[in-house]
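Q: This structure is in structure tokens; I'll ask about it shortly.
The values are calculated or read from the model by the stated rules, or taken from the named source; none is laboratory data. None of these values were measured; they are calculated from a predicted model. Note: ideal-geometry Cβ built from the backbone for every residue, glycine included; neighbour counts use all protein chains shown.
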Amino acid sequence: MFEKFDPREGKKLEIMNENGEITPINEIPLMNDSQILEGYLVMLKTRVADEWAISLQRQGRMPTFPPTKGQEAIPLGALMALNQDDWFVIAYRELSGWLYRGIPLRNWYGYYYGNEKYAHLPTNKYHTFPPSVPIASQLLHTSGLAYAEKFKKTGRLAIGFVGDGGTSEGDFHEALNFAAVWKAGAIFIIQNNHYAISCPREKQTITPTLAEKGFAYGIPSIQVDGNDILSVYGAVKMAAERGRNGLGPTLIEAVTYRLGPHTTADDPTLYRSEEEVELWKPKDPLIRTEKYLLSKELLTSEKIEALKEEFLAFAKEEFQSVETSEDPTIEETYNYHYKELPEIMKEQLKERKERK
Amino acid sequence: MRALTLLEAVNDAYKTEMRLDPFIVTFGEDVGVEGGVFRATTGIQKEFGVERCFDSILAESGIAGTAIGMAAAGLKPVIEMQFSGFAWPAFNQIVSHIARFRNRTRGAITMPIVIRMPYGGGIRALEHHSESYEAIWGHIPGLKVVIPSTPYDAKGLLISAIRDPDPIIFMEPKRVYRSIKQEVPEGAYTIPIGKAKVISEGDSLTMVSYGAQMKEATAAVGELKKLGVSVELIDLRTIYPYDKETIINSVKKTGRFMVVHEAHQTFGVGAELITKVVEEAFLYLEAAPVRLTGPDTIFPLPRGERYFMISTDEIVKNAKNLAFYSI
Ligand SMILES: Cc1ncc(C[n+]2csc(CCOP(=O)(O)OP(=O)(O)O)c2C)c(N)n1
């Protein structure tokens, strides 16, 4: 199936367009209406939670925060196509997938708020790695996870996320090659949001697509409309089938656009025009899904407004629990370096407690 | 003269040198169009063109590795690692090649490269954005490591670094990037690498610090004066090769020695300096030397950051104890 969408021939998988119209494609797994509605709810919740975090940052209540606005369909569509116990390996912009997996919003907020305890995600429950800030490094972890699951014959897969800029790091290329050589059940998703901070996608590589990088490693690779949750879902579903059948990894370039700043510390006016942003606004994954659901009468405008309120109240509550929770103790800043704290560190801790 | 921030002084050093030397090129992530995430390279692409100042692809190993080729062929690369915590993909190129080419080729191929990187905490940053790893770089034979603490020094030291025939890790204290302003002369001037600066003369004790930590150290000196403790405060400025002479001479005068740095303690700069003092001024010491440092823990996320940073009060307390200690 992937051959029919060879990115080198300029092909890209698109199922639901900007107007919320769906054109099913033979053999490509299609989300049903109840799944689309379920996905929409998570996307909306993500959007509201994300925007609340930005406003908290502006109020000085949240440190630097990386918004996910515009990219919600990608981690979400991907996880909807996988099992709850497939590994989810993120960069730092995958809030929608995080929520879909059932990880509390407070953990996302809390990590960025700056307390390590929120990155304590039991693996048997979530099969999720915490945010990985060193660009592209997490993809090698993905390959390793996929190898281990193959070794254990669990049928579990590992999905790893990276940005367009991340495809320039050596780790990206090594991760693809490792997984390919091992025929491991890894799925690599590039969230091509067109910028790596200020650096536009065109300056990152001269190939017309990022997807085609996969062919150098013998990996079936495809470009999909990343603002269309159905395209992402369909591609990941097929990739998962390959992976579970022992056929090895797949690379998916999901084309999207970062509607917000890189982080709250970034000033996008330095490197991109307002017109360009305007061009992408109508392609917003949330809007098109909404259009579809409205046209199908699976949703009403009133219901959407009510949901927004409900989600905002939820986001506020989640943040409040973070903001009012205890800061780490000095012991906590020591105790997790090793299973057993070395004597020399114990002494230092004691001395510093007296000093502070 | 005009008052500049440390960041503006870095920018000024760049422009001053790039006007004089057409072979200087600078690149790194976001340094071109945007002028760097901190704006250290603002306006450079505009003035000197995209061939001399450009956005590299997102690959630190590539940034350092290509600088090697450029340097060998006669260019003068001044490269930026966006944060010192993201220099690690380049570690291999820096340690395995940049630091070693001169020795490996017995001087045939040399590496006049400056590797700039903002470092240090206290800014409520995301993971990997707050570390102070100067000791790791200082440990590598073949590298020089420089850390300015003021705008004036930043300009003079960066110009010296650019003119230096050997590779320099130039670490910039991002916590004070914009918080101090100082008169900085127009045009080129240099500050010798390997020379510390005596900030205040004193005879009760010798205190060495550097980088952002100088802010609290300087404030502590004022407090200590009120308590009758006269501190000889030395800004190390160069981590390696450090200015042994200034330190030893001072300790011989004061008989008491203390190092203050934000970085982890174990195997740190303090460990090295104290060893040197013990080796060369043992008979002058009136008390055991003291190191006041960051803990040997991973730098905490913002809510635990306070456990890492060293306050003026702590410096005062420790310095007082040292000054009044008697055997
Ligand atoms: C190894 C490394 N180098 C540099 C950085 C600083 N940095 C953070 S995000 C970023 C750009 C990433 O762009 P991209 O991969 O396209 O992902 P996006 O942020 O757009 O989602 C950079 C350079 C980093 N986090 N890690």
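Q: If only one of B:Ala73, B:Ala125, B:Ala59 is touching a residue at least 12 places away in the same chain (Cβ under 8 Å), small (Gly, Ala, Ser) and more than 30 Å from A:Met62 (Cβ to Cβ), which one is it?
A: That would be B:Ala59, the only listed residue that is touching a residue at least 12 places away in the same chain (Cβ under 8 Å), small (Gly, Ala, Ser) and more than 30 Å from A:Met62 (Cβ to Cβ).
Q: Something else: Regarding B:Phe257, is this residue closer than 27 Å to A:Ile344 by Cα, within 14 Å of another protein chain (Cβ to nearest Cβ) and in contact (Cβ under 8 Å) with a residue 24 or more places away in the chain?
A: no
Q: Now for a separate question. Hey, does segment A:295-308 have a residue that's more than 10 Å from every other protein chain (Cβ to nearest Cβ), within 30 Å of B:Glu305 (Cβ to Cβ), modelled with pLDDT of 95 or more and surrounded by 15 or more Cβ atoms within 10 Å (Cβ to Cβ)?
A: No, there is no match, as no residue in segment A:295-308 is more than 10 Å from every other protein chain (Cβ to nearest Cβ), within 30 Å of B:Glu305 (Cβ to Cβ), modelled with pLDDT of 95 or more and surrounded by 15 or more Cβ atoms within 10 Å (Cβ to Cβ).
Q: Is there a residue in segment A:142-151 that is closer than 21 Å to A:Ile103 by Cα, buried (at least 24 other Cβ atoms within 10 Å of the Cβ) and either within 14 Å of chain B (Cβ to nearest Cβ) or within 16 Å of the ligand (Cβ to nearest atom) (or both)?
A: yes
Q: Would you check which residues across segment B:113-154 are within 14 Å of chain A (Cβ to nearest Cβ), in contact with a Lys or Arg (Cβ under 7 Å, 6 or more places away or on another chain) and buried (at least 24 other Cβ atoms within 10 Å of the Cβ) and list them?
A: B:Pro118
Q: Being within 12 Å of another protein chain (Cβ to nearest Cβ) and touching a helix residue (DSSP H, G or I) at 6+ places or on another chain (Cβ under 8 Å) is true for just one of B:Gly36, B:Gly32. Which residue is that?
A: Sole residue among the options that is within 12 Å of another protein chain (Cβ to nearest Cβ) and touching a helix residue (DSSP H, G or I) at 6+ places or on another chain (Cβ under 8 Å): B:Gly32.
Q: So A:Gly60 clears everything in (1) within 16 Å of the ligand (Cβ to nearest atom); (2) without any contact (Cβ under 8 Å) to a residue 12 or more places away in the chain except one condition, right? Which one?
A: (1)
Q: For segment B:251-284, give me each residue that is over 20 Å from B:Phe324 (Cα atoms), in a helix (DSSP H, G or I) and in contact with a strand residue (DSSP E or B) (Cβ under 6 Å, 6 or more places away or on another chain).
A: B:Val269, B:Gly270, B:Leu273
Q: Right, another one. From the list B:Phe54, B:Phe91, which one is without any contact (Cβ under 8 Å) to a residue 40 or more places away in the chain, under 17 Å from B:Ile140 (Cα atoms) and of a type outside the set (Lys, Arg)?
A: B:Phe91
This table checks each residue for (1) of a type outside the set (D, E, K, R); (2) free of Cβ contacts under 8 Å to residues at least 40 places away in the same chain.
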{"residue": "B:Arg2", "(1), (2)": "no, no"}
{"residue": "B:Glu8", "(1), (2)": "no, no"}
{"residue": "B:Thr16", "(1), (2)": "yes, no"}
{"residue": "B:Phe27", "(1), (2)": "yes, no"}
{"residue": "B:Gly35", "(1), (2)": "yes, yes"}
{"residue": "B:Thr42", "(1), (2)": "yes, yes"}
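Q: Report the residue count in segment A:160-206 for those that are within 12 Å of chain B (Cβ to nearest Cβ), in a loop (DSSP other than H, G, I, E, B) and either closer than 20 Å to B:Gln82 by Cβ or of a type outside the set (A, V, I, L, M) (or both).
A: Counting residues in segment A:160-206 that are within 12 Å of chain B (Cβ to nearest Cβ), in a loop (DSSP other than H, G, I, E, B) and either closer than 20 Å to B:Gln82 by Cβ or of a type outside the set (A, V, I, L, M) (or both) gives 5.
Q: Now for a separate question. In segment A:81-116, what residues are of a type in the set (S, T, N, Q) and away from the ligand (no atom under 14 Å from the Cβ)?
A: A:Asn83, A:Gln84, A:Asn107, A:Asn115
Q: Quick check: is even one residue across segment A:96-114 more than 28 Å from A:Ile330 (Cβ to Cβ) and among the β-branched types (Val, Ile, Thr)?
A: Scanning segment A:96-114, I find no residue that is more than 28 Å from A:Ile330 (Cβ to Cβ) and among the β-branched types (Val, Ile, Thr), so the answer is no.
Q: Quick check: anything in segment B:26-49 at pLDDT 95 or above, basic (Lys, Arg) and under 17 Å from B:Gly187 (Cα atoms)?
A: no
Q: May I ask you to list pairs of residues, at least six apart or on different chains, whose Cβ atoms are under 6 Å apart, with the first in segment A:82-103 being free of Cβ contacts under 8 Å to residues at least 24 places away in the same chain and among the polar types (S, T, N, Q) and the second being assigned to a loop (DSSP other than H, G, I, E, B) and surrounded by fewer than 24 Cβ atoms within 10 Å (Cβ to Cβ)?
A: none
Q: Please verify whether segment A:117-137 includes one or more residues that are more than 13 Å from chain B (Cβ to nearest Cβ), within 16 Å of the ligand (Cβ to nearest atom), buried (at least 22 other Cβ atoms within 10 Å of the Cβ) and closer than 22 Å to A:Gln223 by Cα.
A: Looking for residues that are more than 13 Å from chain B (Cβ to nearest Cβ), within 16 Å of the ligand (Cβ to nearest atom), buried (at least 22 other Cβ atoms within 10 Å of the Cβ) and closer than 22 Å to A:Gln223 by Cα, one finds none in segment A:117-137, hence no.
Q: State yes or no: is A:Arg355 at pLDDT below 95 and within 11 Å of another protein chain (Cβ to nearest Cβ)?
A: Yes; evaluated as a whole, the condition is true for this residue.
Each row is one residue, and each column tells you yes or no for (1) of a type in the set (A, V, I, L, M); (2) touching an Asp or Glu at 6+ places or on another chain (Cβ under 7 Å); (3) away from chain A (no Cβ under 14 Å); (4) within 14 Å of the ligand (Cβ to nearest atom).
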position: B:Glu17; (1), (2), (3), (4): no, no, yes, no
position: B:Phe48; (1), (2), (3), (4): no, no, yes, no
position: B:Cys53; (1), (2), (3), (4): no, no, no, no
position: B:Glu60; (1), (2), (3), (4): no, no, no, yes
position: B:Ala72; (1), (2), (3), (4): yes, no, yes, no
position: B:Met81; (1), (2), (3), (4): yes, yes, no, yes
position: B:His97; (1), (2), (3), (4): no, no, yes, no
